[in-house]
Amino acid sequence: MMNVTNDLRIRRYILAGIMLAVSLGMVYAGTSGSVSVSVPLPSTFVIKVGGPNIYQAFITGGNGLPIFVESNFSRLMNNDILASSACASGCSATLDPGKYNQTQKIQVNVPFTLAGPTAAIIFPQNTFTTPAFNVSGNSFRFDGPRIDDAARKFQAVITCTNLAGTGCHIPIVIWGALCLIRASQFFNITTVGIFLTRFSSGCEVLSNTITGDLNQFNNSSLSTMQGVEASGMSQRIHDNTISYIRGGAGIRVGGGTINNAIHNSAAGNTLFHNEYGVQTVSAIDVRIVDNTIYNSTSHGIIVSTALVPSTFGPLVIGHNSIGESGQGLCCGSVPGLESHIDLAGSRCCWYSVSITGNVMLDRQANQTTKTDIEIASQNYRNLTIVGNSVGKARTTPTILLSVTPFDRTWIIADNPGFNPQPVRGPLTAGATPFTYTNLDGYKEQIELITIGDMTAFTCRGIANIIQVDAISPILNTLDTCVFTYVAVAPTYDVLPT
C-alpha cells in the first residue's frame, strides 16, 4: 500500500511540474532537440483605428464592444492597456491595418507582444524626444508592424544613457532580456533604428527592414545613425535588410568605453548604402558572418577600439560578400580612399582575429575601393587572414599592411588575388652583418643570386649553405636571415609563397 501511495504522489508531482512548466512557456528537450512550448500571454487585445483620432481596444473573446476608446494612441497603450489589471503579468496586442499617430513614449515594463501587419503603421510625432517604445521589461516582442519616424528627423540627438530614454528619439530601445523584434519595418530612422543597450541580453533582431531617409542621405545637418546598435550580451542580429544609414553603420556591435557587447553575432544581413556595413568597437566574442555588404560610403567592415584600452575578441569575420566600398556619397567621405575591411583600432588590443573565406570585389569601371583589406594598426594579436578572394580594387596590393606586424602570430596566406605576391629582387644586402626581416605578414623565402665574399648565411638561427641559387627555409612573419660578408655585398631575391 505504501508503494502505491508513493507512486501516486510521484505522479502528482510530475503532473504539477508539467503544468507549471507549460504555464511558464518552458523549453523541453527531446530526442530530436529542444521544442519551445508557446503559451499565449494572459490577455490579448485587438487595436483598431475607428476614425480620425479614434483608437479602440477590444479584448479577444469579449462581446465585440471596445473596452477602451481614446483619441490618443499613446494614452491607449500606456494608460489603458499596459496599466490595466489584465496586463499586470503581461499581455499581447494586435494592431489592425491603419495609421497610428504616436505623441508620447510608450513605456513597456511587463512582458508584452505587439503584432500586426506592415499595413499597421505607427507614426511618432515631433512632440516627444524619447524612444517610441522604451522597454525595461523582459520578453518584449515586436512582430510585424511598421514604424515611420520621418517627423522627428531634425530633432537634436542626446545619447540614450538612462532608463527613461531621455533625449534619444529611437523607435525601440531595449533595457531588458529575451526580446524578439521580427519581420517589421523601420522607415526614415533619424538616429538608431533598434538600440539594444548594454544592460540587455538574449535578444533576437530577425528579418526586419531598416532604412534611413533616402531624400536626406547627404544632409550634413542630420545626426549620425546606426541601423542596429547591438550592445549587451548574447544578441543575434540576423537576416535583416538595412540601408541608407548616414554617418554610421548598418549594424554596430558594441560601442563606448568598455566591453559592452559580449557573445553577439551579425549574420546573414543585407547591408547597402550605409557609411559602414558593420562596425565593431570594444566587444568580446563577436561573429560577423555570411553578410552581403555593398555600396558602403566608407568601409564595408571596420574594426576599431574604444577610448579605454582593454582586451577585445575573439572576432570572426567570415564568408561575407563585400562589393563597391568607398563610395563617398555622404558624410565627408572622398571616393576611392576606403577599403572593404579595415582594421583600425587605435588602442590595445584585439585578440584572436580571424578573417577567412570572404569574397571581395569592386565591379565598377571607376573603382572606388582603395584596397580589399587594410591593416592600419598594430593593436591585433593572433591575426589570421586566410582564404579570402580578393584582387580587384583601385590600388595594389589588395591586402595592405600600413604598419609593421606586431608579432609572429600574424598570418596572411592563401588569399587568391593576393598570394603569392611577385618575386622582389635582385636586392643588395646592406652593411655587414645585414639582417633581413620578414615584415610582410605572409610566408617567404630568400634565394641567393650572387654571393660576393659571404662568410655566413643564417636564417631562423640556422646556418645555410652559401652558393648561388641557395634558398632559405620558409620565413614566417618577423623571421630573419643574416648575411655576413667581408667587402662584396651579396644580392638576393625575396620569394613569397
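The values are calculated or read from the model by the stated rules, or taken from the named source; none is laboratory data. Given the structure is predicted, the values throughout are model-derived calculations rather than measurements. We place every Cβ from the backbone using ideal geometry, glycine too, and count neighbours over all the protein chains shown. Side chains included, ligands, DNA and RNA excluded: accessible areas come from the protein's heavy atoms. Shrake-Rupley method; radii C 1.70, N 1.55, O 1.52, S 1.80 Å.
Residues in region 483-497 that are within 30 Å of Pro397 (Cβ to Cβ) and open to solvent by 40 Å² or more (accessible area, probe 1.4 Å): Thr497 alone. Filtering region 367-392 to residues that are open to solvent by less than 20 Å² (accessible area, probe 1.4 Å), over 29 Å from Thr311 (Cα atoms) and part of a loop (DSSP other than H, G, I, E, B) leaves Thr368, Val390. Considering only residues in region 42-84 that are touching a Ser or Thr at 6+ places or on another chain (Cβ under 6 Å) and assigned to a strand (DSSP E or B), the one that is nearest to Val108 (Cα to Cα) turns out to be Thr44.
For region 397-412, a residue qualifies if it is of a type in the set (S, T, N, Q) and surrounded by fewer than 17 Cβ atoms within 10 Å (Cβ to Cβ), and the qualifying residues are Ser402, Thr404.
Yes or no, residue by residue, for (1) at pLDDT 95 or above; (2) touching a strand residue (DSSP E or B) at 6+ places or on another chain (Cβ under 7 Å); (3) of a type in the set (A, V, I, L, M); (4) within 13 Å of Tyr100 (Cβ to Cβ):
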| position | (1), (2), (3), (4) |
| --- | --- |
| Ile121 | yes, yes, yes, yes |
| Pro131 | no, yes, no, no |
| Val157 | no, no, yes, no |
| Leu163 | no, no, yes, no |
| Cys168 | no, no, no, no |
| Ala177 | yes, yes, yes, no |
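Here Gly277 passes the criteria (1) of a type in the set (Gly, Ala, Ser); (2) more than 9 Å from the chain's Cα centre (by Cα); (3) surrounded by 19 or more Cβ atoms within 10 Å (Cβ to Cβ) except the one numbered (2). For region 310-337, filtered to residues that are hydroxyl-bearing (Ser, Thr, Tyr) and touching a Cys at 6+ places or on another chain (Cβ under 9 Å), the residue that is modelled with the lowest pLDDT is Ser310.
Residues of region 169-201 being part of a loop (DSSP other than H, G, I, E, B) and not polar (S, T, N, Q), which ones? Hits for region 169-201 are His169, Ile170, Pro171, Trp175, Gly176, Leu178, Cys179, Ala183, Arg198, Phe199.
Report, by residue number, each residue of region 188-210 that is at pLDDT below 95, closer than 17 Å to Ile121 by Cα and open to solvent by 20 Å² or more (accessible area, probe 1.4 Å). Once the filter is applied, which keeps residues that are at pLDDT below 95, closer than 17 Å to Ile121 by Cα and open to solvent by 20 Å² or more (accessible area, probe 1.4 Å), region 188-210 yields only Asn188.
I'm told Thr409 meets every condition in (1) in a strand (DSSP E or B); (2) of a type outside the set (Gly, Ala, Ser); (3) in contact with a Lys or Arg (Cβ under 7 Å, 6 or more places away or on another chain) except one. Can you identify the failing condition by its number? Failed condition: (1).
Of all the residues that make up region 457-467, how many are surrounded by 12 or more Cβ atoms within 10 Å (Cβ to Cβ) and either assigned to a strand (DSSP E or B) or more than 52 Å from the chain's Cα centre (by Cα) (or both)? It would help to see each step written out before you state the result.
Looking only at region 457-467, we keep the residues that are surrounded by 12 or more Cβ atoms within 10 Å (Cβ to Cβ), and these are 457-460, 464, 466.
Narrowing the set further to residues that are either assigned to a strand (DSSP E or B) or more than 52 Å from the chain's Cα centre (by Cα) (or both) leaves 457-459, 466.
Final tally of qualifying residues: 4.
Matching residues to (1) in contact (Cβ under 8 Å) with a residue 12 or more places away in the chain; (2) open to solvent by less than 50 Å² (accessible area, probe 1.4 Å); (3) under 24 Å from Ala376 (Cβ atoms); (4) in a strand (DSSP E or B):
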{"position": "Leu427", "(1), (2), (3), (4)": "yes, no, no, yes"}
{"position": "Gly430", "(1), (2), (3), (4)": "yes, yes, no, no"}
{"position": "Leu439", "(1), (2), (3), (4)": "yes, no, yes, no"}
{"position": "Tyr442", "(1), (2), (3), (4)": "yes, yes, yes, no"}
{"position": "Thr455", "(1), (2), (3), (4)": "yes, no, no, yes"}
{"position": "Asp469", "(1), (2), (3), (4)": "yes, no, no, no"}
{"position": "Cys481", "(1), (2), (3), (4)": "yes, yes, no, yes"}
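Does Lys153 count as modelled with pLDDT of 95 or more and more than 21 Å from the chain's Cα centre (by Cα)? No.
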